[in-house]
Amino acid sequence: MIGSKRFATMLAVLTSTLPLAAAAEDAAEDTASAALPPGTFRIPGTDTTVSVYGFAEVDATYDFDGRTSDINNFDWASFVSVQPFDNLGVEEPMKRQAFITARASRLGIMSNTPTPLGPLSVRLEADFVAPNTFQGELATNSTAFRLRHAYGQLGGLLIGQTWSTFFDGESTPDTVDFNPAAALALMRQTVARYTFTFSPEASLALAIENPQSLTFSSDYDAVPDFIAAFRYGGSRGHVSARAVTHEFRTTEHSKRAYGVGLSGSFKFANETLVAAVQGGDGIGRYMFNSLLQGAFDTGDQLELWRAYAYHIGLTHAWSPAVRSNVIWTQTFFAQNDRLEAAQRAFSEGAGTTDFIPNKRIDQLFVNTFWKITKNTEVGLEYTYGKRATFGLERGTQHRANVLVRFGLY
């Protein structure tokens, strides 16, 4: 047996090392936490890290010409495809309108957990840009919390709501306006997507996505949308090629539509160039300005609008804190007299000009962003837009946009 004196000595040594072991463990955790990116912390007792991000943002607009009056649903940002007409006495737009909102403020959380199959990432993000009618601007200006992203990703598999696979965020021009240029699929929806990575530069994404028809008739959806997107790129830029096939369907008719897109970016010196072109028969909501002009049920059949759009944007960095952008974009619709007459009659019967078919939409953005402190940015922008129909109607936008954004850290 161990003598009492020897046992007391061993116990003293053991208890003296426990604080040292605990201190070493704490130091290791502190070192691991210090290596995490800003805004990221480890949940105690787990191997999961969590990142919190977001910002408070104020957007102000001033329209020198008319704007759509329905800013609750067609949000306050530029949507020139429904710009009020300013000629022929068709519609007398209200001019010189101001609007200020904090709806675009955003809050997000991301987690990362090691698993035997690789890291599992989960993302939840929301803002306040939901239709706002309850306690609106006359009272407390309450706005509804709106889901932006909600998905899990394990390796190449992503399931949940996020940007559509047809959307190329890397070729998105930098605008103060909350809405972007026309040649983009500005959609977040529920997807099941697998991305095959062939090399650090090349990947192919295949996706099944939530369908949503708009035929101004008895819309319903029976088949999901199918999308493929190939990307190749490196530190100087990238190129993306995409294709989508989706179905328009009513209780009596159905027709399959398609869209294709090509986009990219290129960085040189202090400049960044982004460009995109896309289109198709019935591309509809997979191209921003054709959201309301994808298909129409003429009574005896579904007919598809053929449309295409492009944008080009140039960013110049004057300094690490100041950058300016010039962006030009156009959208075109092929003439279809029967389809145009049917959709025009529907729009006029509904007492609105929003759904009168467009022939062409032009837009120009000129802006400057200034990062005045570590987490405070200001943006100033002028936007021009013109909507032209197959008739003689024209709608013109002249707008000033201001943004002030305060990051959480």
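The values are calculated or read from the model by the stated rules, or taken from the named source; none is laboratory data. Please read these numbers as outputs of a predicted model, since none were measured by experiment. We place every Cβ from the backbone using ideal geometry, glycine too, and count neighbours over all the protein chains shown.
Within the range 277-291, does at least one residue satisfy the condition of being of a type in the set (Ser, Thr, Tyr) and more than 15 Å from residue 166 (Cβ to Cβ)? Taking every residue of the range 277-291 in turn, none turns out to be of a type in the set (Ser, Thr, Tyr) and more than 15 Å from residue 166 (Cβ to Cβ). Does residue 213 qualify as being of a type in the set (S, T, N, Q), assigned by TED's automatic domain parsing to the domain that holds residue 345 and surrounded by fewer than 14 Cβ atoms within 10 Å (Cβ to Cβ)? Here the answer is no, as residue 213 does not meet what is asked.
Of the residues making up the range 64-96, those that are at pLDDT 85 or above and buried (at least 17 other Cβ atoms within 10 Å of the Cβ) are 77, 78, 79, 80, 81, 82, 83, 84, 85.
Within the range 159-170, can one find any residue that is surrounded by 16 or more Cβ atoms within 10 Å (Cβ to Cβ) and more than 19 Å from the chain's Cα centre (by Cα)? No: zero hits. In this structure, residue 240 does not qualify as loosely packed, with under 13 Cβ neighbours inside 10 Å and assigned by TED's automatic domain parsing to the domain that holds residue 345.
Rundown of residues vs (1) of a type in the set (Val, Ile, Thr); (2) over 19 Å from residue 260 (Cβ atoms), yes/no style:
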site	(1), (2)
190	yes, yes
193	no, no
196	no, yes
199	no, yes
204	no, no
214	no, yes
217	no, yes
232	no, no
235	no, yes
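Residues checked against (1) in contact with a Leu (Cβ under 7 Å, 6 or more places away or on another chain); (2) at pLDDT below 95; (3) of a type in the set (A, V, I, L, M):
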residue	(1), (2), (3)
324	no, no, no
329	no, no, no
334	no, no, yes
337	no, yes, no
343	no, yes, no
352	no, yes, no
355	yes, yes, no
359	no, no, no
364	no, no, yes
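Here the range 297-318 is the region considered, the condition is being buried (at least 23 other Cβ atoms within 10 Å of the Cβ) and under 19 Å from residue 179 (Cβ atoms), and the residue that is farthest from the chain's Cα centre (by Cα) is 307. Being modelled with pLDDT of 95 or more and of a type in the set (D, E, K, R) is the filter here, so list the residues in the range 226-246 that pass it. 231, 242, listed by residue number. What residue, of 350, 321, is among the small types (Gly, Ala, Ser), assigned by TED's automatic domain parsing to the domain that holds residue 385, surrounded by fewer than 22 Cβ atoms within 10 Å (Cβ to Cβ) and closer than 25 Å to residue 219 by Cβ? Exactly one of 350, 321 is among the small types (Gly, Ala, Ser), assigned by TED's automatic domain parsing to the domain that holds residue 385, surrounded by fewer than 22 Cβ atoms within 10 Å (Cβ to Cβ) and closer than 25 Å to residue 219 by Cβ, namely 350. The residue pairs whose first member lies in the range 165-188 and is under 12 Å from residue 312 (Cα atoms) and in the same structural domain as residue 384 (by TED's automatic domain parsing), whose second member is among the aliphatic types (A, V, I, L, M) and in a loop (DSSP other than H, G, I, E, B), and whose beta carbons are closer than 6 Å, counting only pairs six or more residues apart or on different chains, are 173/181.
Considering only the range 249-258, I want to know if a residue exists there that is buried (at least 18 other Cβ atoms within 10 Å of the Cβ), under 23 Å from the mean Cα position of the chain (by Cα) and charged (D, E, K, R). For the range 249-258, residues buried (at least 18 other Cβ atoms within 10 Å of the Cβ), under 23 Å from the mean Cα position of the chain (by Cα) and charged (D, E, K, R): absent. For the range 265-296, a residue qualifies if it is surrounded by 21 or more Cβ atoms within 10 Å (Cβ to Cβ), of a type in the set (S, T, N, Q) and either outside the structural domain of residue 357 (by TED's automatic domain parsing) or more than 17 Å from residue 357 (Cβ to Cβ) (or both), and the qualifying residues are 265, 278.
Against the numbered list (1) out of contact with any His (no Cβ under 6 Å at 6 or more places or on another chain); (2) in a strand (DSSP E or B), residue 299 comes up short only at (2).
Among the residues examined, residue 42 qualifies as at pLDDT 90 or above and either surrounded by fewer than 19 Cβ atoms within 10 Å (Cβ to Cβ) or assigned by TED's automatic domain parsing to the domain that holds residue 287 (or both). Selection of the range 244-270 for residues being within 17 Å of residue 169 (Cα to Cα) and either in contact (Cβ under 8 Å) with a residue 40 or more places away in the chain or touching a helix residue (DSSP H, G or I) at 6+ places or on another chain (Cβ under 8 Å) (or both) yields 244, 261, 263, 264, 265.
If the requirement is being in contact with a strand residue (DSSP E or B) (Cβ under 8 Å, 6 or more places away or on another chain), buried (at least 20 other Cβ atoms within 10 Å of the Cβ) and closer than 22 Å to residue 55 by Cα, which of these qualifies: 379, 385? Only one candidate passes the filter, namely 379.
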